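Here is the structure we will look at.
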Amino acid sequence: MARKWLNLFAGAALSFAVAGNALADEGKITVFAAASLTNAMQDIATQFKKEKGVDVVSSFASSSTLARQIEAGAPADLFISADQKWMDYAVDKKSDRYSYASDTARQ
């Protein structure tokens, strides 16, 4: 279980770095993340703002809720799901997928 959270945390940090560099000219990045990741994501967002000068606008909810919002056109630059099924759903419906971390304990 600890490995799962470590992978998610590392993936989230890397995702911020990659997406943030791509969106730095816009001055902000919009992140949709699973509610279970709220504390970790807030810490990452604070550090990211400090280091990159890019504002992080976060939205936290269940992975299913966020995936459906993305499908409906909500403007998310980065979607961090706690559930593989809903990540796949979002990709199938709307977006490109770049996997930075996964739950390797399940494989």
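Quick rundown of the values:
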{"quantity": "Residue in the stretch 84-102 that is in a loop (DSSP other than H, G, I, E, B), modelled with pLDDT of 85 or more and of a type outside the set (Asp, Glu) present", "calculated": "no"}
{"quantity": "Matching residues in the stretch 43-68 - criterion: being within 26 Å of residue 88 (Cβ to Cβ) and in a helix (DSSP H, G or I)", "calculated": "44, 45, 63, 64, 65, 66, 67, 68"}
{"quantity": "Of residues in the stretch 57-73 being among the β-branched types (Val, Ile, Thr) and modelled with pLDDT of 90 or more, the one surrounded by the most Cβ atoms within 10 Å (Cβ to Cβ)", "calculated": "65"}
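The values are calculated or read from the model by the stated rules, or taken from the named source; none is laboratory data. A quick note: this is a predicted structure, and the numbers were derived from the prediction, not measured. Here Cβ is always computed from backbone atoms with ideal geometry, including for glycine, and neighbour counts include all displayed protein chains.
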